[in-house]
1. Could you pull the copy-to-copy label distances for residue B:59, with points set 7 Å along Cα to Cβ, in nm to one decimal and sorted shortest first?
2. Can you list residues whose amide H is under 5 Å from residue B:42's amide H, if they're 5+ apart or on another chain and H is modeled 1.01 Å from N?
3. List the accessible area buried at the contact between B and A, summed over both sides and calculated with a 1.4 Å probe, in Å² to the nearest 100.
Protein chains: 2
Amino acid sequence: MKRSLAHIDYKEDTEALAKFAKASGHSTRIAILKHLENQSCCFTGDLVDILPISQSTVSQHLKELKNAGLIQGELKPQKIKYCINQENWKIAKLLFQQFFD
Amino acid sequence: MKRSLAHIDYKEDTEALAKFAKASGHSTRIAILKHLENQSCCFTGDLVDILPISQSTVSQHLKELKNAGLIQGELKPQKIKYCINQENWKIAKLLFQQFFD
DNA sequence: ATTTTTTATCGCAAATGTACGATAGATATT
DNA sequence: AATATCTATCGTACATTTGCGATAAAAAAT
């Protein structure tokens, strides 16, 4: 049986969409997501170099994107790289596409 | 020549997306947008009946959606109906679709 | 082993967001 | 004209968000 998003009921759907949208609702975070889309993965420091805000603030934004499930900190042997969380990204994509039919 | 969103430069694009996402970043507001998508237009009171929050709070949420340009208060002779702002909705749609390619 | 680099977290301040009841203003009904 | 209905706004309280510098903790380089 094929798994689809149709199983998510209206309310969960609404909340999931709101959560993703909220996490995307800051231009710094959109910029981060766009960068990760292009560059696959990168370190916090790479983003700090690009963005006009402090390291601690970048770190906070990353945390929020991570909490929303849109990105993930991939734990390589000794390093942490941030990547798009492909699974949730797919869900967000579907929710938005479906929402904006 | 076909007009496309490619003309919007990166920065505007990012900010527009963030603005739409932020406005959509609350489950009450997603619920309102969904309802307007289904019902075309409706009055504030109709939404107050559906939603589990006070009239003044609904009104505030409508104001935010209006400020973001996602809906518009259509001024019929004596009444105000809220509708999707089709023009901006189309833009938001395109931005999101393009973002989540 | 020490130092440097990298990243997360703490503590704080300021700004913004959420929600409510009360009230005002405007439209519709009687 | 008076009353009822509908909607926006005000004032308030509380919570969350944003941003920073400082610091801590962990990893990498020397």
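1. Relative to the other copies, residue B:59 has label-point distances of 4.4 nm.
2. Residues meeting the criterion, in which the H sits 1.01 Å from N, are B:82.
3. 2300 Å²
The values are calculated or read from the model by the stated rules, or taken from the named source; none is laboratory data. The structure presented is a predicted model; accordingly, all values stated were derived computationally and were not measured. FYI the Cβ positions are ideal-geometry reconstructions off the backbone, even for glycines, and counts take in every protein chain you see. To get the accessible areas, we keep the full protein, side chains included, count just its heavy atoms, and leave off ligands, DNA and RNA. Shrake-Rupley method; radii C 1.70, N 1.55, O 1.52, S 1.80 Å.
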